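Beneath this line is the structure, given in structure tokens, with notes to follow.
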Amino acid sequence: MHRLFADAAPPPPAHADTLATVIRRVRRRWRVRLALQGLAITAVIALAVFLVSAYVLEQLRFTPTAVLLFRVVSWSAVLAAAFWFLMRPVLRRVTVEQVALYLEEHEPLLEGRVSTAVEFGGTEAALEAAQLSPQLVQRLVEQAVESCGTVDGGRRVEQRGLTRVSGALTGVTLAAAAIILLQPGFVYHGAPFLLTPWSGAPANPFAIDVEPGDVDLPRGADLRVRATLRNFGADAVTLLVRQGNDGEWERWPMTAEEGSGAHEFLLFAVEQDLEYLVEAGGVRSSIHRVSVRDLPYVDRIDLEYHYPAYTGLEPRREADAGDIAAVAGSRVLLSIVPTIPVPGGALVVSEQDTLSLASVSDSLLLGELTIETPGTYRVVLESELGREVAASPDYFIDVLDDMPPSVTFTTPGRDLQVTMIDEVFVEVRAEDDFALASVDLIYAVNGGAEQTLALYDGVGRRSDVTASHTFYLEELPLEPGDFVSYYGRVSDGNRIAGPQRAATDMYFLEIRRFDQRFQQAESQGEPGEGGGASVGELSARQRQIVSATFKLVRDSLTLADDEVRERLATLALAQGRLRGEVETLVAQIESRGVMALDSTFRIIAEALPQAAEAMLQAEEQLGERQPQDAMSPEQVALQYLQRAESAFRDRQISQQQGGQPGGSSAGADDLADLFELELDKLRNQYERVDRGARRAADEQVDELMQRLEELARRQQQENERMRARAQQERGGGGGGEAQRQLAEEAEEAARRLERLSREQSRPELGETARELREAAETMRRAAASESGESAAQGQAALDRLRDARRMLDENRAAGLAREIQDALARAQRLRRQQEAVMDDVERLRGDPAADGEQMRQLTERKDEMAAEVSDLERQLTQLSRDARDDQPDASARLRDAARDVRDNRIADKILYSRGVVQGRSPEYARNFEEQIAADLEALEEDVREALGAIGESRDRRLARSLEETRELVNALESLDDRIRSASGAPPPDEQAQMPGEPGQTGEQPQRGGNPGGATRGQLSPDESRQFERELSRRRGELSELSRQLAEEGIDVEQLERILADIRGLEGPGRLADPRGLERLRQEVIADLREFEFALRRELAGGEVERYFSTGAEEVPPEYRELVEEYYRALSRSRR
């Protein structure tokens, strides 16, 4: 085109320039499209090559050869693509004629005018050859220019192509930007290697950081190698070690640390130079060198523990140890033997304090540590040149928790309804990890002044005490409607941080009337403990409020301020609601005007307003955040509620016996029905909320059971590693950290169980939490111990975890039984309510005097019953699911019971029966109600069969019997110690009580309930009575245990001899006789302990040998020490 119109007689310049401009524009747009298309293709290829190369490089762990290869390949591929798809098309030469034809291909309207004008609008020779005149050529050019104008001068050429390739290029750019922003690991790691080939090789992102690297090591010292994998993981991490430059590489598997992700290995007693490296997942670390020098180092550390006096623990020596684990306040004496003679040394504690070591000789240094806080220590020794040398690794200092004591009531452990002449036996069990200082029983009558009975005063330094007391209620000023509240309190003897205290929940003895009429009514399923439609719901809810307030006062120091405020608000709201319900009931009584006609309701009408007034005072105290002050009016309100309910109970009994006290009328009967209906509503509301809370707690317990199973599995793996280490000359390290991590997780599970125990008033969960804390303490001892003792402690910790898991499993089984018993009680209550409804229907049917109020009450009762049936059906269905795995027979019967409720449509029948009384004949109404009663009786029988189907395996029964035997031994030992303390007899070990123990100075609580006490050297009459009653109770428990074991095929001849010995001790004054005490300890307790040990060996000995024997009948001599240490560990943690 550059020669276009350049010779003679050219077209006019304007037209020629215009046509040339169009041609250049089209050619430029064509080349732009080719450039963009080539750039897009090159970008796609470059991105794909980069991603593939980066990914493969990561798989090859960025080895130098792979980096070089992929740099060459990737950049060659990108350059080749750029040349082929970008440079070659853009630089290709294109003639004017080709451009004209290209334009006409994209613009058919030009009809060849542009190519003709280009062909004949050239040189004069071209014109002469074509024999065309210049005027014709000029006209052709003009027509071509005019045609180009109609197609926008060629600007539409490649419009679609440019848009398409521009979009593709934009998409590739956005994809690259997304990859850069998201930065997948292989892209992040591979980019420095691929994008900057001209720079030196970056550091390999996949590397192994090794500590301590190159190091000078004293001869005979241990070398702990720690490896951390950077940016990758591996199933196996291996330490390679060789001695000398030409030695063979030895391979040792490294141990993973829990939580940190690092791996460790401990090389013992390095005596010569060596080289080592770490290999994992195809990646190798650099080779590091260890130069052995003749520097002083610790050859051996012996530890001697001296525990605080209050623990009652004897000093303990641990040979060839290092890590320290002891309770705060302990003194630890360190005997340090260096590898070579040294002039002196020091202990560096937690990088802060430096304690000098006393030099006994050149080869023995002595030091002392007082354990206060967790930390570390290491030994620094002086060399002959006067330079201080780090002569040991960092050893851990673990402070074992002195756990607070625990206390529970084993008998009765619940509220009771009793008469004024009953003898109520209560038994309290207290535990501490070291020694108990006191166990007290505190009681009060009607919320009055508290009386304290000292059940144990610290004599004998017992860590586990079982004590009892019998309330002789006829000796207390009581009348029907009164109550006795009581709780247990315990403290330990910690004189370092101060005594720690604990208390049980508060329990109540409700005094009911005792006469022949009440007994008959109770035997017929009427009011009383365990039978009849309960009329005690008002007082039951008030007791719950009193108990919750007591627990808040007890636990306030351990709760966060927000939680205390929340609980106070909840209690105030609950007290206000109950007060409102009582005031509503008072208003209904007053509106009926029956107080003048019925003396019973006169008593009720006088008591309920006083209860409401006391509730208002309690509510105000709770609102002012004074829970301690609120307890007194709360208990006053409880007393008035119980008196009102006692009067109502008397009226019910009189009705059933056919009497009408105090001129009772039909109006009073109606009001009694209203009173009972209101109580039924309160009970149903409370029970639904309580069941929901129990269900949520059970779900948390199930979660914790799975957690404990996982902890036991990991502890078993750790034990296997420790045993392997004890058998190897060169063992793996890293176990201490793993054990500490397991201990922390066990303590976290214990805290969750303790919280559930407080919130749900379930002391058995607290016992499990204590077992978990003992497991955690044993784990910490295992982390601080060496070789065989570490393995034994680890096995003891595993047994603790399994015991805790078993206890939770037993709790779940017992909880299932409780839930089914609750369902049975609900079915029984429904059946009795239906019987009462049938009586009301019989009385109302055909009675013209029956008014709308009576029918409304009957309708409300049926509504409540229908809702209760529906809720019971849901409960049975859920219980069936819960029991499916552990109790399949009970699950099947529960499922059948729930299906019968649905198939018989009991709830629908009850709702339908509301209109039967007035809308149908009396005979139809009676038959319909009888059918409902028959369905409810069948439901009750189905649930009872489900309860009877709960089974227990023989192993579980024997384990329970073993635990009962151990508890009996402890109970008799506690009894012996308390008798000796009360009578002034010396303890068997001739040791007196520690000075400064609680109970030695200050106010002395009553002993055994005797206000006057007794002179030393003899028992008071009340003490004798209490101790004799407790011994008789133990004899009964032992007799029942003997019966159970005999049914399981266990030889109980020794138990029968022990029972005969106990009978010989029963009688006035025999326990106070020193000979009687000696017989109790030597003949009864010692023989029972021997029987317990034999039973434990029979049931659990196989499990011990499974871990420590090698298949022989007896434990091999080299492992006997492990087994002995195992039993010692069990004994220590039991304390």
Return the residues of the range 329-345 that are over 16 Å from Leu303 (Cα atoms) and not polar (S, T, N, Q); say none if nothing qualifies. Ile340, Pro341, Val342, Pro343, Gly344, Gly345
Enumerate the pairs (first residue in the range 642-655 and farther than 20 Å from Val445 by Cα; second residue anywhere and polar (S, T, N, Q) and modelled with pLDDT under 75) with beta-carbon separation below 8 Å, excluding pairs fewer than 6 apart on the same chain, so at least 6 apart or on different chains. Phe648/Thr600; Asp650/Thr600; Arg651/Thr600; Arg651/Ser664; Ser654/Gln660
Among (1) loosely packed, with under 14 Cβ neighbours inside 10 Å; (2) under 30 Å from Arg230 (Cβ atoms); (3) modelled with pLDDT under 80, where does Ala66 come up short? (1)
Selection count where residues are among the hydroxyl-bearing types (Ser, Thr, Tyr) and not in a helix (DSSP H, G or I), scope the range 28-76: 1
Every residue from the range 428-483 that is part of a loop (DSSP other than H, G, I, E, B) and farther than 30 Å from Glu645 by Cα: Asp432, Asp433, Phe434, Ala435, Asp457, Gly458, Val459, Gly460, Arg461, Arg462, Ser463
Give me the residue from the range 378-403 that is under 18 Å from Val337 (Cα atoms), assigned to a strand (DSSP E or B) and in contact with a Ser or Thr (Cβ under 7 Å, 6 or more places away or on another chain) and, out of that set, modelled with the lowest pLDDT. Val389
Matching residues, the range 1036-1065, being free of Cβ contacts under 8 Å to residues at least 40 places away in the same chain and outside any helix (DSSP H, G or I): Gly1049, Asp1051, Val1052
Need at least 2 residues that are touching a strand residue (DSSP E or B) at 6+ places or on another chain (Cβ under 9 Å) and farther than 22 Å from Met722 by Cβ per element, so show me which strands (runs of 3 or more DSSP E) inside the range 236-281 make the cut, counting only ones lying wholly within it. 237-242, 274-280
Residue identified as over 30 Å from Ala769 (Cα atoms), surrounded by fewer than 21 Cβ atoms within 10 Å (Cβ to Cβ), touching a Gly at 6+ places or on another chain (Cβ under 7 Å) and not small (Gly, Ala, Ser) among Gln352, Gln417: Gln417
Is it fair to say Arg721 is closer than 25 Å to Glu264 by Cα, part of a helix (DSSP H, G or I) and at pLDDT below 80? yes
Restricting attention to the range 545-557, does a residue exist that is modelled with pLDDT under 90 and surrounded by fewer than 13 Cβ atoms within 10 Å (Cβ to Cβ)? yes
The number of residues in the range 367-401 that are surrounded by 14 or more Cβ atoms within 10 Å (Cβ to Cβ), without any contact (Cβ under 8 Å) to a residue 60 or more places away in the chain and among the aliphatic types (A, V, I, L, M) is 4
In the range 739-781, the residues that are among the hydroxyl-bearing types (Ser, Thr, Tyr) and part of a helix (DSSP H, G or I): Ser757, Thr768, Thr778
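The values are calculated or read from the model by the stated rules, or taken from the named source; none is laboratory data. Computed from a predicted structure; not experimentally measured. Glycine gets a Cβ as well: all are built from the backbone with ideal geometry, and neighbour counts include every protein chain shown.
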